Amino acid sequence: MPKYYFHVAFKGEHPDTIGTDLPDRDAVRSEATRAAGEALKDIDGPLVGSEWRMTVVDEAGQVVLRISFMATEEHPHEP
Amino acid sequence: MSHDLGPVRLLVRKLQGYDELSRAEVVALARTVSSVRTVGTDQDIVAQGERPGYSSLLVEGWAARYKLLKDGARQITAIHVPGDFVDLHGFLLHELDHGVVALCDCRIAMAPHERLRGITEQHPHLGRLLWFNTLVDASIHREWLVAIGRMAAVNALAHLICEIHTRLEAIGLTDGPRFDFPITQVEVADALGLSNVHVNRSSQELRARNLIRWTSGMIEILDVDQLKAFAQFDPLYLYQTREPR
């Protein structure tokens, strides 16, 4: 099975040095989405102002998928 | 005449961590075993929905209780190490609501339910200890529920590692902070209810924090106190204290 690397960047780089074997692109998409959701849930501190990015790369180093989150906060004028 | 204590050796050691056992009780436990069989890696020890008529005691190797969803997703609901019954509750429940799979090659001692019934009738204190054993299984489920439900993955992973280390230490299967850990990362993910990718990242974070070394089949805790604090690990729920039961 081909191996994919799920690198995360959020307030610093968190490269995946181990990788995960996955059978096909559907599995990559599904695993990345689940993992991104789980990582988002665990974020310690505010998401506002910093972009959370996951870049999935194959064994040849080619990017196959990107997922990103960003939160922007509004401060409406008090009447 | 004398039954080999061999298959129940670690069960006896485990139970002696909870209360004193008399010589007669140790002999009675040894006599519950009718035979020993081997089960290969990834084979079911018992299947969900089965009514085996006996309970299985792990002599060597590790196992996991699990349930499957229709899409093939698997949740591991408990991890068992040598000295554990994987389905003692089956003695009273009869039909199992979960499967049990061998995580590596296992030797299993089979305890027919009629022999366990004999224990409850002739050795009531020992019967209470078997009941106690299932209560600790339930306590571990509750602790897992809290970890899976409310902890960040990296802390839940740390907690699982602390728990396994503490359980193995009680039966003499650790080498200080080092222990065999024949569980794959995918199986850990199935136990924590997480994707393999996120467990992968969490394990890399524990390494980066110099808390653990995790190489194929082995874990070494590099800072036991720090890992326990990081995991909010309080071993109370394992009930490893000797008191009259």
- Scanning the stretch A:1-42 for residues that are aliphatic (A, V, I, L, M) and more than 11 Å from chain B (Cβ to nearest Cβ), which turns out surrounded by the most Cβ atoms within 10 Å (Cβ to Cβ)? A:9
- Being in contact with a Gly (Cβ under 8 Å, 6 or more places away or on another chain) and in contact (Cβ under 8 Å) with a residue 60 or more places away in the chain is the filter here, so list the residues in the stretch B:46-84 that pass it. B:55, B:66, B:75, B:82
- Does the stretch B:173-188 hold any residues that are β-branched (Val, Ile, Thr) and either more than 30 Å from residue B:59 (Cβ to Cβ) or away from chain A (no Cβ under 14 Å) (or both), and which are they? B:174, B:183
- Task: Please tell me if residue B:170 is at pLDDT 95 or above, farther than 17 Å from residue B:84 by Cβ and more than 9 Å from chain A (Cβ to nearest Cβ).
- Result: no
- Query: Residues in the stretch A:43-57 that are buried (at least 16 other Cβ atoms within 10 Å of the Cβ) and within 14 Å of another protein chain (Cβ to nearest Cβ): how many?
  - Reply: 6
- If you go through the stretch B:189-210, how many residues are away from every other protein chain (no Cβ under 14 Å) and surrounded by 22 or more Cβ atoms within 10 Å (Cβ to Cβ)? 1
- Query: Taking residue B:157, is it in contact with a helix residue (DSSP H, G or I) (Cβ under 7 Å, 6 or more places away or on another chain), assigned to a loop (DSSP other than H, G, I, E, B) and either crowded, with 17+ Cβ neighbours inside 10 Å or not small (Gly, Ala, Ser) (or both)?
  - Reply: no
- Qualifying positions in the stretch A:33-47 - out of contact with any His (no Cβ under 7 Å at 6 or more places or on another chain) and either within 14 Å of residue B:155 (Cβ to Cβ) or of a type in the set (Asp, Glu) (or both): A:41, A:42, A:43, A:44
- Query: Can you spot a residue in the stretch B:85-106 that is on the phi > 0 side of the Ramachandran plot, touching a residue at least 40 places away in the same chain (Cβ under 8 Å), within 16 Å of the chain's Cα centre (by Cα) and surrounded by 15 or more Cβ atoms within 10 Å (Cβ to Cβ)?
  - Reply: no
- Among the candidates B:154, B:100, B:81, single out the residue that is within 24 Å of residue B:13 (Cβ to Cβ), in contact with an Asp or Glu (Cβ under 9 Å, 6 or more places away or on another chain) and of a type in the set (Val, Ile, Thr). B:100
- Message: Just to be sure before I move on: is residue B:158 in contact (Cβ under 8 Å) with a residue 40 or more places away in the chain and of a type outside the set (Val, Ile, Thr) in the structure I sent?
- Response: yes
- Item | Where a residue in the stretch B:143-154 is more than 11 Å from chain A (Cβ to nearest Cβ) and its partner, wherever it lies, is part of a helix (DSSP H, G or I) and among the aromatic types (Phe, Trp, Tyr), with Cβ under 8 Å and at least six apart | B:143/B:237
- When you go through (1) more than 14 Å from every other protein chain (Cβ to nearest Cβ); (2) farther than 25 Å from residue A:3 by Cβ; (3) in contact with a Phe, Trp or Tyr (Cβ under 7 Å, 6 or more places away or on another chain); (4) of a type outside the set (Lys, Arg) one by one for residue B:158, which number turns out not to apply? (1)
- Those residues that are within 27 Å of residue A:45 (Cα to Cα) and either among the hydrophobic types (A, V, I, L, M, F, W, C) or modelled with pLDDT under 95 (or both), I need them from the stretch A:9-33; list them, please. A:9, A:10, A:11, A:12, A:13, A:14, A:15, A:16, A:17, A:18, A:19, A:32
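The values are calculated or read from the model by the stated rules, or taken from the named source; none is laboratory data. Remember, it's a predicted structure, so these values are computed and weren't measured experimentally. Here Cβ is always computed from backbone atoms with ideal geometry, including for glycine, and neighbour counts include all displayed protein chains.
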